[in-house]
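The values are calculated or read from the model by the stated rules, or taken from the named source; none is laboratory data. Being a predicted model, the structure only gives us computed values, none of them experimental. Neighbour counts are summed over all protein chains in view; Cβ atoms, including those assigned to glycine, are modelled from backbone coordinates with ideal geometry.
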């Protein structure tokens, strides 16, 4: 596993041993970043199920301003920190050992994020729950892209949870073998609620 392009191009990343995490394949990662390549420069990124940190690090390599890496596993975050050191993005990164539910519940929304990667373990069923919980926060900036990765049989996000159709719009989607990538953006109602809550 390596950084595909940008300032850290070619650097090989450390991966967590065992089956606890499932790194995004090179092919799927290339496809994913081709979908958002013009939306990364200068952006603030959240890698919510970081694993090895490869998605957030790829974004930093391509010009993102900052990335917050979170994972419930202390071992995973230890690997992320090694990869941050290898890619020399320490000044643009922050890490937290935190279950996604706790992170979203406790997060400070003062700055927010422009890109959010949601790539939970396929068997966890956490994607829909993470989207519902994310909508209750104030973490998404206007124009935020929520990049979701799932197995094809789990791709009908709006059919599985109809209420999500009022919360997000689908911007782009692609299939790569067993992998489905879908990019969402929060609805206008999200920002109306944020503004109302801040009054």
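Scan the stretch 10-22 and tell me whether some residue there is within 20 Å of residue 130 (Cα to Cα), modelled with pLDDT under 95 and surrounded by 14 or more Cβ atoms within 10 Å (Cβ to Cβ). Checked the stretch 10-22: at least one residue is within 20 Å of residue 130 (Cα to Cα), modelled with pLDDT under 95 and surrounded by 14 or more Cβ atoms within 10 Å (Cβ to Cβ).
Within the stretch 33-73, the set of residues being part of a helix (DSSP H, G or I) and buried (at least 23 other Cβ atoms within 10 Å of the Cβ) comprises 54, 55, 56, 57, 58, 59, 60.
Got at least one residue in the stretch 83-94 being farther than 20 Å from residue 122 by Cβ, at pLDDT 95 or above, buried (at least 21 other Cβ atoms within 10 Å of the Cβ) and under 12 Å from the mean Cα position of the chain (by Cα)? The answer is no; no qualifying residue exists.
Candidates in the stretch 111-139 are the residues that are part of a loop (DSSP other than H, G, I, E, B) and in contact with a strand residue (DSSP E or B) (Cβ under 6 Å, 6 or more places away or on another chain); of these, the one that is surrounded by the most Cβ atoms within 10 Å (Cβ to Cβ) is 119. Screening residue 136 on (1) closer than 24 Å to residue 30 by Cβ; (2) touching a helix residue (DSSP H, G or I) at 6+ places or on another chain (Cβ under 8 Å); (3) at pLDDT below 95 shows it passes everything except condition (1). With respect to the conditions (1) in contact with a helix residue (DSSP H, G or I) (Cβ under 8 Å, 6 or more places away or on another chain); (2) surrounded by fewer than 18 Cβ atoms within 10 Å (Cβ to Cβ); (3) modelled with pLDDT under 95; (4) not in a helix (DSSP H, G or I), residue 108 lacks only one, and its number is (1).
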